[in-house]
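Accompanying notes for the structure given below.
All of the numbers you see were taken from the coordinates with simple rules; none came from a lab. Everything numeric here is computed off the predicted structure, so don't read it as measured data. Cβ placement follows ideal geometry from the backbone for every residue including glycine, while neighbour counts extend to all protein chains displayed.
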Amino acid sequence: GSVFGPADLTGLDAQLTAEEKDLARAVRDLVDTHIRPNIAGWYEQAVFPREIIPELAKLGLLGMHLTGYGCAGRSAVMYGLAASELEAGDSGLRTFVSVQGSLAMSAIHKHGSEEQKQHWLPEMAAGRAVGCFGLTEPTAGSDPASMRTTAVQEPGGDWVLNGAKRWIGLATLADVAIIWAQTGEHGDARGVRGFVVPTDTPGFHAVAIEPKLSMRASVQCDITLEDVRLPADAILPGESAIGLKGPFACLNEARYGIIWGAMGAARDSFEEVLRYSSERTQFGMPLSAFQLTQAKLADMALEINKGYLLALQIGRAKDAGTLNPTMISVGKLNNCREAIRIARDAREMLGGNGITLDHSPLRHANNLESVRTYEGTDEVHALILGRALTGVGAFAAAG
Ligand code: TGC
């Protein structure tokens, strides 16, 4: 059958190479073996299963789109397929791979020194070191330019960081944090810059944000930075990392993965309710024989086909080197919005049984509340598209 499952009514499968399909199936096997049997328990107990990290590393899924330094060097489409399969298991597990690979490893790979790359990337690709990415702050979410965290360089060359970060995935598990901070004007450092911060540096504290009603099999944290002293070479030195375009280049990678990931959660919700509706009998016939059920299933399948077509189009553009951030916003906005609708419709079709952890759709819908919010909210992506269409930025009040 199609790697996109029974929702594939448009020959999506035929758009993939054999190698791409093999990778998707290998990740699905991992999800079936290690995630599906346990996810309800992890979700209920709010546990991120650390033991999954070596399994993800074995398949080369950590920093899988990066080349060299022990990374798998896979195509964007393969990375997307892996994200989709993982998120069919749970958004929290896909988030681990995104934060580790698309954010933390990408930051070092794109903007780091040779020493930083050699030191961290092979360990992170092997899953022996975990990374996190600190951009968002308690008072700077959609507007990262308003961040207050500072990095001040002392005469001896050391950097001293002070401030706070919020909603940082994996921070309590992480060995290394990429922290973005305002430098003011220090020699070559201008504006926002990134720093490679080992999390055992004195003054670095991370605390998990609890209790959450979303993304429970994952960890998001508050970080405080109190006089965190770093050597001069802790700064990400690349020209590419001067200013907010440094972190935005990493967000592009993570947002790209979400385009595919969200469709995985949608597909899993659809498959669950497709199965259920053929087994569940009311008024003397299976739910699947009711016209209202069929209309809902058809609508879900339409959006899954459109969502994957969009993901494939954007993925092929990424592999061809023609991707631009506007295309990423099209995919992120559309696929998160449609995925959460599909997950909610699937919950509804499961009736009362749909509110238990025996079924995936409400868990997916709750997770997708986070997915549509992080890496640029629906509103931010709508405004990025509005700016692309009109030439007028409407993020802040005019004047
Ligand atoms: P503006 O201030 O004009 O731009 C600053 C510079 O950045 C460049 N740029 C981009 N570069 C590459 N890719 C993109 N997508 C870029 N978007 C902007 C821009 O060209 C400029 O460069 P330069 O050389 O002129 O300095 O900003 P803007 O007006 O373009 O953007 C405004 C807005 C609202 C779109 C932007 O601020 C935005 O995207 N806000 C949303 C922030 C967001 O997504 N936050 C999520 C943070 S993720 C995180 O902290 C952890 S969540 C995951 C986890 O850990 O679990």
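In table form, for the structure just shown:
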read-out	value
Range of Cα positions in the stretch 262-399 per principal axis (Å), largest first	62, 35, 25
Relative contact order [Cα under 8 Å, 6+ residues apart], the chain, whole percent	18
Mean residue ellipticity (222 nm) of the chain, computed from DSSP H runs ≥ 4 via -39,500 (n - 2.57), nearest 500	-15000 deg cm²/dmol
The stretch 383-399 versus the stretch 12-47: alpha-carbon centroid distance in Å	38
Relative frequency of Cα-Cα separations exceeding 32 Å in the chain, percent	34
Anisotropy class of the stretch 1-76 from Cα gyration tensor, a/c 1.5 cut	oblate
Relative contact order (%) - the stretch 109-180, alpha-carbon pairs under 8 angstrom, separation at least six	36
Gyration tensor (alpha-carbon) shape descriptor, the stretch 341-399, a/c threshold 1.5	prolate
The stretch 243-399: relative contact order in percent, alpha carbon pairs under 8 Å with at least 6 residues between	29
Overall form of the stretch 184-281 per C-alpha gyration tensor (a/c, 1.5; a/b vs b/c)	oblate
Radius 11 Å from Cβ of I355, net charge of other residues (Lys, Arg +1; Asp, Glu -1)	0
For the stretch 85-152, fraction of C-alpha pairs farther apart than 17 Å, in %	56
